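J.: Following this message is one structure expressed as structure tokens.
The values are calculated or read from the model by the stated rules, or taken from the named source; none is laboratory data. Because the structure is predicted, anything quoted here is derived from the model rather than measured. Counting neighbours? That spans all protein chains shown, and the Cβs are built from the backbone with ideal geometry, glycine included.
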Amino acid sequence: MTFRPVLLLLLAGVAAVAATAASGLEIDPAAIRNRLVLPEEPAGAATPTQARQKLDATPRPIVVAGRIGARGMEPFLDDKASFVLVEIPADDHAAKPGHDADNCPFCKKRTAGAPMTAVQFLGEDGKVIPIDARKLFGVAKGNDVVVRGAGVFDPKLAIPVIQLTADGIFIRRPAR
């Protein structure tokens, strides 16, 4: 055997190993969805306001029920399994079709002091999963969800925000 065929065989082997390693890094959205979407709503969900009272700077297990939305900004990060939750109104006022809580003076006043909840889902590498939450979970702005994970709240921040690293999500279906 000459040097050239041995070199080609070696390069082919290296390419095969590299392809196998790279395929191990591929993300399987269906597997992630199956791991994170909960079949039943977790018990004991707190509103963001209630969660703020239970949390501090030390991560603690928490279940939070909220509505995907963010006062005056986009609640999703493109290509990230991340979104923002706000309080679900406690009455039927916001349940009317076409209601936009971001532009409703009554809703704005009621939720002015309520914290937002910044939710992120991490991959095995400890980084935010690089799949848009809208695609990964089939959610949209205005959907009500229950998220389980570890939360922290730092009262020193200028804006009241709960930071929640989630390990499960339950998507509430709208009442018909």
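J.: If you check ALA31, ALA19, ALA81, which single one turns out to be modelled with pLDDT of 70 or more, over 15 Å from MET116 (Cβ atoms) and surrounded by fewer than 14 Cβ atoms within 10 Å (Cβ to Cβ)?
T.: ALA31
J.: Name the residue that is modelled with the lowest pLDDT, counting only residues in the range 84-125 that are closer than 18 Å to ILE171 by Cα and among the β-branched types (Val, Ile, Thr).
T.: ILE88
J.: So which residues in the range 117-176 are within 17 Å of ASN34 (Cβ to Cβ), in contact with an Asp or Glu (Cβ under 7 Å, 6 or more places away or on another chain) and of a type in the set (Lys, Arg), if there are any at all?
T.: Within the range 117-176, just ARG148 meets the criteria.
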